[in-house]
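Here's the structure we're looking at; comments come further down.
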Amino acid sequence: MADRFGLVDVCAGAGGLASGLEGAGFSPVLLLDNKRQACETLLANRPHWNVVCEDLLEFLPDDHPETLDVDLLSAGLPRVRSSAAVGRSDSDHELRLLTATIYLVHSIQPRALLVENLPALVESPAYAGIREFVEAELAHLGYRFCWFVLNAADFGVPQERRQGILVALKEQWFHAFAPPEPTVDEHVPVGRVLLPSMRARGWRDADAWASQASAVAPTLVGGSDNRGGADLGPSGTKRAWARMGVNAGALADEVPGAEYEWQRSDDQAQMVKITVEQAALLQSFPSEWHIMGRKTARYRQIGHATPPPVGRALGAAIATALCSSSRM
């Protein structure tokens, strides 16, 4: 489509943000990620996308002239640490990537910038210094900006997932931007989303299990590359999963079959486990979206992703602003 907007997406991961933005009218001219499995995932789903497997800290826009002067630069950056961890030696990398993204704005000069991260980046006093740096750089370049927090559950994602957002636009478009409003009147429970897959192999208790999984999921977290296998999060998160009859200590290789005996036990070890494919559904990836790699690598890509419906809502709001006057 000739009237689609151009997009550069950095730290693209499994493509959750890019696919959502694609649905809002943006066509990627380049996607950047430094993880091989993520790049394989992007190309498996969109073979025509221009995917560059390279570290953001080493990326030079001048080597990729197609990125210059695009409509939108987006970044679903690795999550900043909790406020208590700010200043630790292992907390610097995420902020270096944010800084590199802002410096990319100097080179690329997009009409709009979208950064997605944890709410702490928006709300915590511990990150006031980096926010001041970002704001000063953007103002110097002629952008106006706003910080806000969205909950993915308000956009139909069956998950309690608060996300910190920065949107900046050049002066002539900013007046027409407003953060997206919720798209659903009520949150979608885990059981409703996972019931078809829980039934797929003939599990006779699938409906009963789904009826008790009547809340949205806790936030899916991808975890660190330096820790062990895939699980669904820390102890508090595991307790929330247990209330829905899910053993969050590991992921299953397949959904329960006709022979599976549901114990209806308070013992987490006796509870059903979800699969990587089901985790992708809880992140609202389309069922046909293929995540590449082995189980742990696939789950981490999913857990780190921006849910596509949130990307689409943000993209629609930005596109509305960019259409408010003629594109320069």
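Coordinate-derived values only; no laboratory data. Owing to the predicted nature of the structure, the values given are computational and were not obtained by experimental measurement. Because the Cβ atoms are built from the backbone with ideal geometry, glycine has one as well, and the counts that use them run over all protein chains shown.
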Query raised in the report: So is residue 81 under 25 Å from residue 137 (Cβ atoms), of a type in the set (Lys, Arg) and touching an Asp or Glu at 6+ places or on another chain (Cβ under 8 Å) or not?
Result: yes
Query raised in the report: In this structure, does residue 66 turn out to be among the acidic types (Asp, Glu), within 20 Å of residue 289 (Cα to Cα) and either in contact with a Phe, Trp or Tyr (Cβ under 7 Å, 6 or more places away or on another chain) or not in a strand (DSSP E or B) (or both)?
Result: no
Query raised in the report: Is there any pair linking a residue in the range 284-296 that is in contact (Cβ under 8 Å) with a residue 12 or more places away in the chain to one that is in a loop (DSSP other than H, G, I, E, B) and loosely packed, with under 14 Cβ neighbours inside 10 Å, with Cβ under 6 Å and at least six apart or on different chains, and which?
Result: 296/229
Query raised in the report: Out of (1) assigned to a loop (DSSP other than H, G, I, E, B); (2) surrounded by 21 or more Cβ atoms within 10 Å (Cβ to Cβ), what's the single condition that is false for residue 298?
Result: (1)
Report task. Taking residue 69 as the residue in question, decide whether it is over 20 Å from residue 310 (Cα atoms) and touching a helix residue (DSSP H, G or I) at 6+ places or on another chain (Cβ under 9 Å). Result -> yes
Requested in this report: Determine whether the range 116-130 contains at least one residue that is assigned to a loop (DSSP other than H, G, I, E, B) and closer than 19 Å to residue 222 by Cα.
Outcome: yes
Report task. Quick one: residue 192 ticks every box in (1) in a loop (DSSP other than H, G, I, E, B); (2) out of contact with any strand residue (DSSP E or B) (no Cβ under 9 Å at 6 or more places or on another chain); (3) in contact (Cβ under 8 Å) with a residue 12 or more places away in the chain except a single one, so which number is it? Result -> (1)
**Report entry** Neighbours by Cβ (under 8 Å, 6+ apart or cross-chain): first from the range 114-128, in contact (Cβ under 8 Å) with a residue 24 or more places away in the chain and closer than 24 Å to residue 18 by Cβ; second among the aromatic types (Phe, Trp, Tyr) and surrounded by fewer than 18 Cβ atoms within 10 Å (Cβ to Cβ)
**Finding:** 122/148
